[in-house]
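Inspection log for the structure reproduced underneath, given as structure tokens.
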Amino acid sequence: MKIEVLGSGCAKCNKVKEIVQKLVNENNIDAEIIKVEDIDKILDYGVMVTPALVIDGDVKIAGKIPSEDKVREWLMQ
Amino acid sequence: MANAVISGYIIMAEDLKCACDSTNVALFSCSGASNVGQLSNQLAIELTEKGVGKMMCAVGIGGEVAGLLRSAEGCDRIIAIDGCPLNCTKKTLELAGLEVNRHILVTDLGIKKNKDLRVKGPELADTLEKVSEILAN
């Protein structure tokens, strides 16, 4: 599984990465977590507001910090 | 400074909005094939430059582009600018399940719809002033 956290490295972006990392560890998920700060790569997804979370190429959320329950649901799909 | 192009618009790196700093307001225009459609597009650009909100791609909402849909969903408020009473922008957003908080209709601002695609100078300035007043209230 490829998980990308899109954002400039601000507090909310770091929080999203923290949530994802925690859930990946807790559930022993085989995943590569990447922090994407490159504006061109972020815009390639059509994302206009950050933070954003992309799982296996699918943009799950943008502009908000997702709840842990929501991220768990996405990771378990 | 990195630049990128989304649907024909140059987006400067600093224009990608981080949700940490303030309220996110999305601006969508119909950008249709008429004077008022093109005026709606220019209004969205001007309002973005004035810091009222951030112009986003309405056609991407109709096209169900995930990143654009999620970005709109992640905004605190949505302003739709339609050129004429066909209300394509408002309808497109609502069909995608997005709530439109403010709706601007250019023909309600004293501009008659025609097939001109060039926005005439005074029309933009006059309409922008009216829209700014509406949004301030």
- Cα-derived Rg to Rh of the protein assembly as shown, Kirkwood definition: 1.03
- Electrostatic dipole magnitude of the protein assembly as shown [Cβ: Lys, Arg +1; Asp, Glu -1; Cα centre; debye, to 20]: 440
- Exercise: per-residue mean of other protein chain Cβ atoms within 10 Å, A:57-64: 6
- For each pair in A:K22/A:K60; A:K22/A:K64; A:K17/B:K54; A:K17/A:K41, compute the distance between the two Cα atoms and list the pairs where it is over 23 Å. A:K17/B:K54
- Message: At a probe of 1.4 Å, how much accessible area disappears from chains B and A on forming the pair, both sides counted, to the nearest 100 Å²?
- Response: 1700
- Scattering profile of region A:2-76 from the Debye formula, Cα beads only, expressed as log10 I(q)/I(0) at q = 0.12, 0.17 Å⁻¹, is -0.26, -0.54
- Message: Give me the net charge for the shell around A:N14: Cβ to Cβ below 13 angstrom, other residues only, Lys and Arg +1, Asp and Glu -1.
- Response: +3
- Note on the structure: Quick shape check on region B:25-136: root eigenvalues a ≥ b ≥ c of the Cα gyration tensor, a/c under 1.5 is rounded, otherwise prolate if a/b tops b/c, else oblate, and it reads prolate
- Starting from the Cα of B:K115, draw a straight line to each of the aspartates and glutamates and keep only those under 20 Å, dropping any in the same chain fewer than 8 residues away. B:D82, B:E123, B:D126
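The values are calculated or read from the model by the stated rules, or taken from the named source; none is laboratory data. Keep in mind that this is a model prediction, so the values were computed, not measured. Heads up, the Cβs are rebuilt from the backbone with ideal geometry, glycines too, and the neighbour counts pull from every protein chain shown. The protein model used for the area step is the full one, side chains on, heavy atoms only, and it has no ligands, DNA or RNA in it. Shrake-Rupley method; radii C 1.70, N 1.55, O 1.52, S 1.80 Å.
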